Amino acid sequence: MILKPSTFVALFVFFYSSVFSDPVFTLEDLIAMANESNPVIDVIQAKEDAAKAGITVAEQYLNPSVGLTAGPSKTRMQPIVNDKYWAVGISQPLEFSDVRSARKEIAESNLKFVDEVNKGTRIGLMLNIKSAFYNVIHNQEILKLAEADRKVIQDIRDRVELRVDVGESARYELIKADTELLAAKRDAQASKLRIQESKFFLKGLIGNKMPDTFELTGVFPSSDIDISKSEVTELIANSPRLKQLKAASSVYENKIKLEKNLVNPGLTLSAGINQDPGIRNYTIGVSIPLPIWNQRKGEINQASANLREVEATYEQQTLLLRRDIDASYQRYLIAKEQVMTFEESLLDQAESVLKVVESAYRFGERGILEYLDAQRTQRAVRKDYLAARLDYLISIMEMEQLLGTKIME
């Protein structure tokens, strides 16, 4: 079988593009990659492992102590005898059960606190990735508009140049067309630069596994996401910010309990053998610390003050969270209304006006300035629509971050 040159070229192009083209990622791909390679995930895991180790520490028993003494011994009794003296003793400190349980409760509540902090960190990271992803998609849409505008204005400029050459149009029309073309090229270059900047930022959120050059594929969520104020208000209790403070208050509550129990922490059992010349003694004893000088009032008051601070911060953050949620929800309503206005009327109106002016220009009923103004207006309307759509998306992601709940798919 002999391949035609055209077939060979097509196969070569296909092979080259499949092997050497930049990888294409979806939002799900980026999130999965970040979970594997982002250093923040390693920090989260290390904090969780340390908190789990704290439970192991709280469950450990105190080590016993062993003592050994030896030396020469003399007696004044007749006959004088010189012999060796030695003693062996062992002691085991024992904590009361309420002390051990309080230590374990502190470690468990600290693990809960770390878990809530890690959840908030993970949610923040994922939402930052999502925001950066859609920012790249937004800039790519802007670039498509800029490239399309550049091509249209290039065509207009070429037609104007032809009409100027044959004497049908004035020279200033070509100057105006050249100016518009230069502005369109500048917009396209600026759009490419914004895409590169947003990709660099996105790469920094993912980790080292992210290649230097890549492409993204994805579409913006639909503009008909319905969010009611009552649903948002009910989700405030799930906010990572409030859950962290709730877990922190549990830590200090158990800290107060532990400090109170440490006033009488436990006892120490001891046993030993004393060998004197001709005499061997066996001993067993119990020692209990007496809380006479130190009753841990300072430690108890300190833990109580920390608890009051956390509880007051919880109330303050609840008020601030409600304020932030209300502001984000109002931005969501405004952005949604703007997007719907663009989609239901403004985009079609701008396109219709452009077609009318374009037809009039082709038949010589309108000048180049009016045609370029219509082009500029239609281009501005489309850019404003994309900006409104991005604001709409950002307002929803702000509520997701404040509430710690996924609102849009």
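The values are calculated or read from the model by the stated rules, or taken from the named source; none is laboratory data. Values in this document were obtained by computation on a predicted structure and should not be read as measured data. Cβ atoms come from the backbone with ideal geometry, glycine included; neighbour counts cover every protein chain shown.
Which of the residues that make up region 93-107 are closer than 19 Å to Ala53 by Cβ and surrounded by fewer than 17 Cβ atoms within 10 Å (Cβ to Cβ)?
Residue satisfying the conditions is Ser101 alone.
Just give me the residues in region 45-55 being closer than 16 Å to Lys112 by Cβ and of a type outside the set (Lys, Arg), in sequence order.
Going residue by residue through region 45-55, those that are closer than 16 Å to Lys112 by Cβ are 47-55.
Within region 45-55, Glu48, Asp49, Ala50, Ala51, Ala53, Gly54, Ile55 qualify.
Considering only region 282-328, how many residues are over 19 Å from Glu398 (Cα atoms), surrounded by 13 or more Cβ atoms within 10 Å (Cβ to Cβ) and within 27 Å of the chain's Cα centre (by Cα)?
Residues meeting the conditions: 5.
Among the residues in region 204-211, are any in contact (Cβ under 8 Å) with a residue 60 or more places away in the chain, part of a helix (DSSP H, G or I), more than 30 Å from Leu307 (Cα to Cα) and not β-branched (Val, Ile, Thr)? Talk me through it step by step, then tell me what you get.
Within region 204-211, the subset in contact (Cβ under 8 Å) with a residue 60 or more places away in the chain is 205-211.
When the remaining residues are screened for being part of a helix (DSSP H, G or I), the result is 205-206.
Retained after the next criterion (residues that are more than 30 Å from Leu307 (Cα to Cα)): 205-206.
Imposing the further condition that a residue be not β-branched (Val, Ile, Thr) reduces the set to 205.
Yes, because at least one residue in region 204-211 is in contact (Cβ under 8 Å) with a residue 60 or more places away in the chain, part of a helix (DSSP H, G or I), more than 30 Å from Leu307 (Cα to Cα) and not β-branched (Val, Ile, Thr).
State the number of residues belonging to region 260-287 that are out of contact with any strand residue (DSSP E or B) (no Cβ under 9 Å at 6 or more places or on another chain) and β-branched (Val, Ile, Thr).
Going through region 260-287 one residue at a time, the tally reaches 2.
Go through region 212-266 residue by residue and tally those that are assigned to a strand (DSSP E or B) and small (Gly, Ala, Ser). Quick ask: steps written out before the conclusion?
Of region 212-266, the ones assigned to a strand (DSSP E or B) are 215-216, 266.
This time we only want the ones that are small (Gly, Ala, Ser), so: 266.
Residues in region 212-266 being assigned to a strand (DSSP E or B) and small (Gly, Ala, Ser): 1 in total.
Considering region 85-124 alone, what residues qualify as being part of a helix (DSSP H, G or I), touching a residue at least 40 places away in the same chain (Cβ under 8 Å) and over 30 Å from Leu205 (Cα atoms)? I'd like the intermediate steps shown before the answer.
Quick first cut of region 85-124, residues part of a helix (DSSP H, G or I) only: 97-124.
From what is left, the residues that are touching a residue at least 40 places away in the same chain (Cβ under 8 Å) are 98-100, 102-124.
Passing the criteria: Asp98, Val99, Arg100, Ala102, Arg103, Lys104, Glu105, Ile106, Ala107, Glu108, Ser109.
For residues that are touching a residue at least 40 places away in the same chain (Cβ under 8 Å) and farther than 21 Å from Tyr172 by Cβ, scanning just region 367-382, find the one that is nearest to the chain's Cα centre (by Cα).
From region 367-382, those touching a residue at least 40 places away in the same chain (Cβ under 8 Å) are 367-369, 371-372, 375-376, 379, 382; that's our starting set.
Restricting the remaining residues to those that are farther than 21 Å from Tyr172 by Cβ gives 379, 382.
On the way: Arg379: 35, Arg382: 31 Å.
Filtering region 367-382 for residues that are touching a residue at least 40 places away in the same chain (Cβ under 8 Å) and farther than 21 Å from Tyr172 by Cβ, the one nearest to the chain's Cα centre (by Cα) comes out as Arg382.
Considering each of Arg331, Arg376 in turn, give the residue that is surrounded by fewer than 20 Cβ atoms within 10 Å (Cβ to Cβ), at pLDDT 90 or above and among the charged types (D, E, K, R).
Numbers: Arg376 fails: at pLDDT 90 or above.
Matching residue, one of Arg331, Arg376: Arg331.
Say we look at region 159-184 and pick out the residues that are surrounded by 12 or more Cβ atoms within 10 Å (Cβ to Cβ) and charged (D, E, K, R); which of these is modelled with the highest pLDDT?
Only one residue tops the list, namely Asp178.
Could you list, in sequence order, the residues of region 65-87 that are surrounded by 13 or more Cβ atoms within 10 Å (Cβ to Cβ) and modelled with pLDDT of 85 or more?
Passing the criteria: Trp86, Ala87.
Restricted to region 211-226, and to residues that are of a type in the set (A, V, I, L, M) and modelled with pLDDT of 85 or more, which residue is nearest to Glu315 (Cα to Cα)?
Taking region 211-226 and keeping what is of a type in the set (A, V, I, L, M), we get 216, 219, 225.
With the extra rule that they be modelled with pLDDT of 85 or more, the set shrinks to 216, 219.
Numbers: Leu216: 42, Val219: 40 Å.
That would be Val219.
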